[in-house]
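Read the structure below first, then the notes.
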Amino acid sequence: MRIRGREVGRGHPTYVVAECGINHNGSFEIACQLIDAAAKAGVDAVKFQKRTPFLSTPRAEWNRPKDTPWGQITYIEYRERIELPIEEHYDLMKYAHELDLGFIDSVWDQRSLADVEGIGIDAIKIPSALLTNLDLIDLASKSVAPVILSTGMSTMQEISTAVTIAQENRLLNQNAIAILHCTSSYPCDPKELNLALIPALKEMFPWAVIGYSGHEVGLAPTLSAVTLGAKIIERHITLDRSMWGTDQAASVEPGGFARLVKDIRLIEQSLGNGIKRVYESELPNLRKLRGVT
């Protein structure tokens, strides 16, 4: 897979995505600050979410009261309030590109898919909530942009069905599909992370790029995912975990994100190639302790 000129997958560095999501709370200025923080942390890409609220929000949820910084409003009003228009997504993408970052959008409906395709998005993400929306996956996988499938809340049968549809549309370019292991709870209990599924997915779909989208508190599980072979890492980024918003508690602040990227690069160096050898740094001890000349 290639995202904005960067190779992603086996033999290449882990592709780190800072999920800005809706942590901007509808503010273009905060969205820009999140991109700044992500760039400073050394990530490869930022990701936002694109919805058409009246299409992607279940009708039964529209009039549910929601307590927000703007007072108690209906849920559909809340969804409209925090949605950035496609013109601002385009401006954010240009800004991310200026900072040499890829720009990815999760799409929640077919109109949003058309919108992000129209601005020339670097990659399209199908969020876990839409993994069973086979019409959306069919359309997205016909795009020229790489497609990333997130697998939270899903059975193996649902994952296989979604991947099969995406694969059928990518027969000439199978590496343009990525599958992210995910558990969709915020924050996620470590007992439910099930990171052992990462090598299982690699075995099941050897032609795809396998990654991990984490919602846990802390960095250790995400680093473990890299050790297990995840080639795309996605974590939510926030300016401050105490900010209002549904995803803030499961997000990583800028300083933590910088540590995450640094430790991922250290792990990559440490893993090596699996071939046992005697290093030059060991030779003095070899001579001293074994008497080898």
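The values are calculated or read from the model by the stated rules, or taken from the named source; none is laboratory data. Note that the structure is a prediction, hence the values are computed from the model and not measured. Methodologically, a virtual Cβ is constructed for each residue, glycine included, from the backbone with ideal geometry; neighbour enumeration extends over all protein chains shown.
Exactly one condition in (1) part of a helix (DSSP H, G or I); (2) over 25 Å from Asp247 (Cα atoms); (3) in contact with an Asp or Glu (Cβ under 9 Å, 6 or more places away or on another chain) is not met by Val144; state its number.
The single condition Val144 does not satisfy is (1).
Which one is farthest from Arg170 (Cα to Cα) among residues in segment 70-88 that are β-branched (Val, Ile, Thr) and not in a helix (DSSP H, G or I)?
Ile73
Counting just the residues of segment 40-85 that are surrounded by fewer than 18 Cβ atoms within 10 Å (Cβ to Cβ), in contact (Cβ under 8 Å) with a residue 12 or more places away in the chain and in contact with a strand residue (DSSP E or B) (Cβ under 8 Å, 6 or more places away or on another chain), which one comes out farthest from Ser112 (Cα to Cα)?
Looking at residues that are surrounded by fewer than 18 Cβ atoms within 10 Å (Cβ to Cβ), in contact (Cβ under 8 Å) with a residue 12 or more places away in the chain and in contact with a strand residue (DSSP E or B) (Cβ under 8 Å, 6 or more places away or on another chain), I get Gly42.
Mind listing whichever residues of segment 107-159 are buried (at least 22 other Cβ atoms within 10 Å of the Cβ), farther than 20 Å from Phe54 by Cβ and touching a residue at least 60 places away in the same chain (Cβ under 8 Å)?
Hits for segment 107-159 are Asp122, Ala123, Lys125, Pro146, Ile148, Ser150.
Hey, among the residues in segment 4-35 that are in contact (Cβ under 8 Å) with a residue 24 or more places away in the chain, more than 13 Å from the chain's Cα centre (by Cα) and not in a loop (DSSP other than H, G, I, E, B), which one's farthest from Asp91 (Cα to Cα)?
For segment 4-35, the residue satisfying everything is Arg6.
Could you identify the single residue in Ser106, Ser112 that is part of a helix (DSSP H, G or I), of a type in the set (Ser, Thr, Tyr) and at pLDDT 95 or above?
On inspection, the qualifying residue turns out to be Ser112.
When the residues of segment 197-219 are narrowed to those that are touching a Pro at 6+ places or on another chain (Cβ under 8 Å) and not β-branched (Val, Ile, Thr), which ends up farthest from Ala166 (Cα to Cα)?
If we take residues in segment 197-219 being touching a Pro at 6+ places or on another chain (Cβ under 8 Å) and not β-branched (Val, Ile, Thr), then Glu216 is farthest from Ala166 (Cα to Cα).
Only one residue in Phe48, Phe54 is out of contact with any Phe, Trp or Tyr (no Cβ under 7 Å at 6 or more places or on another chain) and either closer than 24 Å to Pro13 by Cα or part of a strand (DSSP E or B) (or both). Which one?
Phe48
Which members of segment 179-231 meet the condition of being part of a strand (DSSP E or B) and among the polar types (S, T, N, Q)?
Ser213
If you scan segment 1-27, which residues turn out to be more than 22 Å from Ala258 (Cα to Cα) and either aliphatic (A, V, I, L, M) or buried (at least 23 other Cβ atoms within 10 Å of the Cβ) (or both)?
Met1
Which is closer than 20 Å to Gly42 by Cβ and of a type outside the set (Gly, Ala, Ser), of Val252, Val217?
Val252
State whether the residues of segment 174-191 include one that is among the small types (Gly, Ala, Ser), modelled with pLDDT of 95 or more, within 23 Å of Glu7 (Cβ to Cβ) and in contact with a Lys or Arg (Cβ under 7 Å, 6 or more places away or on another chain).
Looking for residues that are among the small types (Gly, Ala, Ser), modelled with pLDDT of 95 or more, within 23 Å of Glu7 (Cβ to Cβ) and in contact with a Lys or Arg (Cβ under 7 Å, 6 or more places away or on another chain), one finds none in segment 174-191, hence no.
Name the residue, out of Ala258, Ala230, Ala208, that is modelled with pLDDT under 95, surrounded by 14 or more Cβ atoms within 10 Å (Cβ to Cβ) and of a type in the set (A, V, I, L, M).
From the options Ala258, Ala230, Ala208, the qualifying one is Ala208.
Consider Thr52 against the criteria (1) within 17 Å of Ala145 (Cβ to Cβ); (2) in contact with a Ser or Thr (Cβ under 6 Å, 6 or more places away or on another chain): it satisfies all of them except one. Which criterion is unmet?
So Thr52 meets the others, but not (1).
Give the residues of segment 89-103 that are assigned to a helix (DSSP H, G or I) and buried (at least 17 other Cβ atoms within 10 Å of the Cβ), sorted by residue number.
Passing the criteria: His89, Tyr90, Leu92, Met93, Tyr95, Ala96.
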